[in-house]
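Structure first, commentary second.
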Amino acid sequence: MKKIILLIASFLLLLYSCKKEKGTVTDQKKNAVEKVIKADTATHRVSEASTSSFKSNKPSDLVPAGYEIQYDAEGDLNLDGLSDRALVIRKKEDTLAARKMMILIKNTDKTYRLDKISDTVLPDEYNEAGYKMHDPEDISIEKGELNINLYDIGPYGNQFSRFKYLNGDLILTYIENYNMGVGSHSALYYEPVKGKLILETVNTMKEEMPSESKTFHLKKERYVFEKTSPEDIVQKVYGSVHAE
C-alpha cells in the first residue's frame, strides 16, 4: 500500500514539475521576445537569428510579457504554402497606450517565428480626448497581402493599407484614403512602389455634385512595414501635391 502511495505521489510530483517547467519556458519566450523588441527599437527590425531560439507552436507564446492580442489574422503572407499570422497587440494594463503589430511566419516544422514588428503602422486607438479614432478596425491576410482597414464616419476618414513581401521585406504597396469635409468629399489612391497617385474631389455644394480626378506621377518609394505610418504618408503625399 505504501509503495502505491509513493508511486502516486511521485507521479503527481513529476506532473507538477512538467507543468511548472512548461510555464517557465513560455515565460522565458515572452521575456525573450520583449528584450528583442526593446533592443531592436532603434532599427525597427527583428532578425530571424535573434528569434530562432524561441520559436513556438502557439502564436500567443511569442507575444511579449505584459501584452495581449487585440486582433489576429491568419493566411499565407509570404506565399510559401504555409499559413502565417498577423497580430495586433496592446498592453494589458494600459489599453490606451500605443499598439504594436507582429508578423509571425510559419516554419516547415509548423512552428512560428517572429519576422517583423512595427509600432508605427497603426495609429493610436484613441485621441487625447478619449475618442476612438477608427471604429471598426480590421486586419486580414488575403492572396499574399496584409490588409489593414480603418473605418470612420467622423473627421478622421477611412483608410485602407496593403503590404506585400518583396525580396524579404514587407513593403507598403497601396493606400486608399477617404475624407468628408464641409463642401467636399475627397479620395486618395496611392501606389508608392509605382509612384502613382490619384486624387478625387467631389463638390457637395452644388446640386449635381461634380467630381474632379487628377493623376500624379511621384518619386517611387519603398516603405517597409517596420517603420511605416500610413497616416503620416497620406499627410506627406497631400502636402507634396499641394506644394506644387
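Considering only strands (runs of 3 or more DSSP E) fully contained in the range 75-172, which possess at least 1 residues that are touching a helix residue (DSSP H, G or I) at 6+ places or on another chain (Cβ under 9 Å) and surrounded by 14 or more Cβ atoms within 10 Å (Cβ to Cβ)?
Answer list for the range 75-172: 84-91, 100-106, 112-118, 145-150, 158-166.
Condition test on A65, is it part of a loop (DSSP other than H, G, I, E, B), hydrophobic (A, V, I, L, M, F, W, C) and not assigned by TED's automatic domain parsing to the domain that holds G130?
Yes; evaluated as a whole, the condition is true for this residue.
Kindly provide the set of residues from the range 68-123 that are in contact (Cβ under 8 Å) with a residue 60 or more places away in the chain and more than 13 Å from the chain's Cα centre (by Cα), ordered by number.
Those that are in contact (Cβ under 8 Å) with a residue 60 or more places away in the chain and more than 13 Å from the chain's Cα centre (by Cα): G75, D76, N78, L79, R113.
Can you tell me which residue within the range 199-223, out of those that are in a loop (DSSP other than H, G, I, E, B) and of a type in the set (A, V, I, L, M, F, W, C), is modelled with the highest pLDDT? Even if it seems obvious, please write down each step before you answer.
Step one: of the range 199-223, the residues in a loop (DSSP other than H, G, I, E, B) are 204-210, 218-223.
Keeping just the survivors that are of a type in the set (A, V, I, L, M, F, W, C) gives 205, 209, 218.
Details: M205: 66, M209: 65, L218: 94.
Checking each candidate, the answer is L218.
All but one of (1) exposed (fewer than 12 other Cβ atoms within 10 Å of the Cβ); (2) at pLDDT 90 or above hold for G239, so report the exception by its number.
In the conditions (1) exposed (fewer than 12 other Cβ atoms within 10 Å of the Cβ); (2) at pLDDT 90 or above, G239 misses (2) alone.
The values are calculated or read from the model by the stated rules, or taken from the named source; none is laboratory data. Note that the structure is a prediction, hence the values are computed from the model and not measured. Please note: Cβ atoms are built from the backbone with ideal geometry, for glycine as well, and neighbour counts cover all protein chains shown.
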